[in-house]
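> This is the structure I have questions about; it appears just below.
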Amino acid sequence: MNFFQHPDYKNHEQVVFASDPASGLRAIIAIHNTALGSAVGGCRMYPYANEALALTDALRLSSGMTYKAALANLPFGGGKSVIIGDPRHDKSPALMRAMGRAVNRLGGRYILAEDSGTGPEDMRHAAEETSFVAGVEDNQHGGDPSPMTALGVFLSIKQAVDFVYHTEDLRGLRVAVQGLGHVGYHLAMLLHEAGATLYGADLHQPNLDRAVANFGLVPVSGETILKTECDVLAPCALGGILNGRSIPHIRASIIAGAANNQLGTTEDDLRLMEAGIVYCPDFAINAGGIIEVYHQGLDSSPTTRQQAIEVIPRTLLAILQAGEAKGSGTDAVAIQLAEAQIADHCAVIKPMAMSA
Ligand code: NAD
């Protein structure tokens, strides 16, 4: 593979392949950019069909983390790690400790956190070998940042609805949620409390059933959720779902969900704009979890945490307004905004460092 020509390489600072035969660890740690601080990003464990797919996932997710942290005004860089394997069968305390050692060798350039396939318990095992781990402490949700991610997405949906329909009232708003796991379930709860009408799909039947039972959500098949006639489509499952095949069938005015890397390619940003769909960039609106992790570390008050989350819809509004004014795709606008934020930071830091 010609690594430096990889379409998702995007000038990563460092990419590390880590293995530990004794525990079966095979991991990739991608550090995209540390201009704002140590690269923070979740550790995803997934049975990738091959190593190239694992690498692509790590690269795409880590650059997204750089933009996410910058837009959320966090002093973090962007990174991500992936462990190749099935979390239900291949994960063990020894494997997570080996991951902790791999992270430790990077000397703090990368901070490990949880993601799909890993949780607070795994972080505690890794923390036996390194102090460069977040998400170890229990918060009001037992250490799980997902409810705060859901809150950020919910506030963003309210903002986007106001932008498109000029109302903050969500009663009767039709929202289709793809994926009712950690984030999707909490998002459905907040939308239900606000009076929205919910449609939803999940491949895991118990997750679908509890949302139907608790929120009166109308179940839809996995094949039809993206085609459901609705006001807001909230992807909270997988990446790459917005592409040349799916976009012509989408019947929503707004797309706002937690899933990382929703766009298949950069062209899909333009496809959505041309289809008249207001796309809320995933990395701009799913930062609630990382904001929560940051404030866990500071032991901030609930009020401070709430105020930090409220940055998300304000930033989204700036992105939507700039997209409309420039006639550009919102994903491209959000990346430009994040890159400008990083450049501004470096412009301030470098002269200071030179005069020190
Ligand atoms: P999760 O694994 O708890 O939930 C995902 C749900 O989607 C599962 O219930 C799964 O069965 C379902 N699903 C998978 N494929 C599906 C399909 N094709 N159709 C319908 N349902 C499907 O994950 P999560 O923590 O809720 O995260 C959801 C997404 O949000 C992921 O992309 C994750 O990377 C992203 N994200 C999560 C957080 C967080 O705080 N957890 C933060 C930022 C981004």
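The values are calculated or read from the model by the stated rules, or taken from the named source; none is laboratory data. Everything numeric here is computed off the predicted structure, so don't read it as measured data. Note: ideal-geometry Cβ built from the backbone for every residue, glycine included; neighbour counts use all protein chains shown.
> Scanning segment 205-216 for residues that are closer than 24 Å to GLY152 by Cβ and within 13 Å of the ligand (Cβ to nearest atom), which turns out farthest from the chain's Cα centre (by Cα)?
Step by step, filter segment 205-216, then rank; the result is ARG210.
> Ok, one more. Of the numbered conditions (1) within 21 Å of ILE309 (Cβ to Cβ); (2) within 14 Å of the ligand (Cβ to nearest atom); (3) at pLDDT 95 or above, GLY135 fails exactly one; give the number of that condition.
Here GLY135 meets the rest and fails (3).
> When you scan segment 78-86, do you find a residue that is surrounded by fewer than 24 Cβ atoms within 10 Å (Cβ to Cβ), of a type outside the set (Val, Ile, Thr), more than 12 Å from ILE290 (Cβ to Cβ) and away from the ligand (no atom under 14 Å from the Cβ), even just one? I'd like the intermediate steps shown before the answer.
Start the filter on segment 78-86 by keeping residues that are surrounded by fewer than 24 Cβ atoms within 10 Å (Cβ to Cβ), which leaves 84-86.
Next cut, of a type outside the set (Val, Ile, Thr) only: 85-86.
With more than 12 Å from ILE290 (Cβ to Cβ) added as a condition, the list becomes 85-86.
Then drop every residue that is not away from the ligand (no atom under 14 Å from the Cβ), which leaves 85.
The answer is yes; a qualifying residue exists.
> Counting just the residues of segment 173-184 that are within 9 Å of the ligand (Cβ to nearest atom) and among the small types (Gly, Ala, Ser), which one comes out modelled with the lowest pLDDT?
This residue is GLY181.
> I want to confirm something. Restricting to segment 92-122 and keeping residues that are within 14 Å of the ligand (Cβ to nearest atom) and in contact (Cβ under 8 Å) with a residue 40 or more places away in the chain, which single residue is surrounded by the fewest Cβ atoms within 10 Å (Cβ to Cβ)?
Filtering first and then ranking leaves SER116.
Residue-wise test of (1) within 12 Å of the ligand (Cβ to nearest atom); (2) surrounded by fewer than 23 Cβ atoms within 10 Å (Cβ to Cβ).
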position	(1), (2)
GLU129	no, yes
VAL164	no, yes
ARG171	no, yes
HIS186	yes, no
LEU198	no, no
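> GLN307 fails exactly one of the following numbered conditions: (1) outside any loop (DSSP other than H, G, I, E, B); (2) within 16 Å of the ligand (Cβ to nearest atom). What is the number of that condition?
Unmet for GLN307, out of (1) outside any loop (DSSP other than H, G, I, E, B); (2) within 16 Å of the ligand (Cβ to nearest atom): (2).
> Same structure again: Give the residue that is farthest from THR265 (Cα to Cα), with candidates limited to residues of segment 213-248 that are without any contact (Cβ under 8 Å) to a residue 40 or more places away in the chain and crowded, with 18+ Cβ neighbours inside 10 Å.
Ranking the candidates gives PHE215 first.
> Filter segment 185-202 down to the residues that are farther than 16 Å from VAL218 by Cβ, of a type in the set (A, V, I, L, M) and within 22 Å of the chain's Cα centre (by Cα) and list them by number. Explain how you work it out, then say what you get.
Quick first cut of segment 185-202, residues farther than 16 Å from VAL218 by Cβ only: 186, 190, 193-194.
Next, only the ones that are of a type in the set (A, V, I, L, M) stay: 190, 194.
Once the filter is applied, which keeps residues that are farther than 16 Å from VAL218 by Cβ, of a type in the set (A, V, I, L, M) and within 22 Å of the chain's Cα centre (by Cα), segment 185-202 yields only LEU190.
> Somewhere in segment 52-69, is a residue free of Cβ contacts under 8 Å to residues at least 12 places away in the same chain, assigned to a helix (DSSP H, G or I) and either under 18 Å from ALA30 (Cβ atoms) or in the same structural domain as ALA35 (by TED's automatic domain parsing) (or both)? Before you say what the answer is, go through the steps one by one.
We begin by selecting, within segment 52-69, every residue free of Cβ contacts under 8 Å to residues at least 12 places away in the same chain; these are 53.
When the remaining residues are screened for being assigned to a helix (DSSP H, G or I), the result is 53.
Still in the list and also either under 18 Å from ALA30 (Cβ atoms) or in the same structural domain as ALA35 (by TED's automatic domain parsing) (or both): 53.
The answer is yes; a qualifying residue exists.
> Kindly indicate whether THR228 is more than 14 Å from the ligand (Cβ to nearest atom) and either over 30 Å from ALA58 (Cα atoms) or at pLDDT below 95 (or both). Please lay out each step first, then the result.
Numbers: more than 14 Å from the ligand (Cβ to nearest atom): no; either over 30 Å from ALA58 (Cα atoms) or at pLDDT below 95 (or both): yes.
Here the answer is no, as THR228 does not meet what is asked.
> Follow-up question, since we're still on this one. Any idea which residue in segment 76-127 is nearest to LEU59 (Cα to Cα), counting only those that are touching a His at 6+ places or on another chain (Cβ under 9 Å) and of a type in the set (D, E, K, R)?
LYS80
> Checking ALA284 against (1) over 21 Å from ALA211 (Cβ atoms); (2) part of a loop (DSSP other than H, G, I, E, B), which test does it fail?
All conditions are met except number (2).
> Out of all the residues in segment 235-259, which are hydrophobic (A, V, I, L, M, F, W, C), away from the ligand (no atom under 15 Å from the Cβ) and more than 17 Å from GLU223 (Cα to Cα)?
Within segment 235-259, ILE254 is the sole residue that qualifies.
> Quick check, is THR315 assigned to a helix (DSSP H, G or I), touching a residue at least 40 places away in the same chain (Cβ under 8 Å) and among the hydroxyl-bearing types (Ser, Thr, Tyr)? Talk me through it step by step, then tell me what you get.
Values: assigned to a helix (DSSP H, G or I): yes; touching a residue at least 40 places away in the same chain (Cβ under 8 Å): yes; among the hydroxyl-bearing types (Ser, Thr, Tyr): yes.
So THR315 passes the test.
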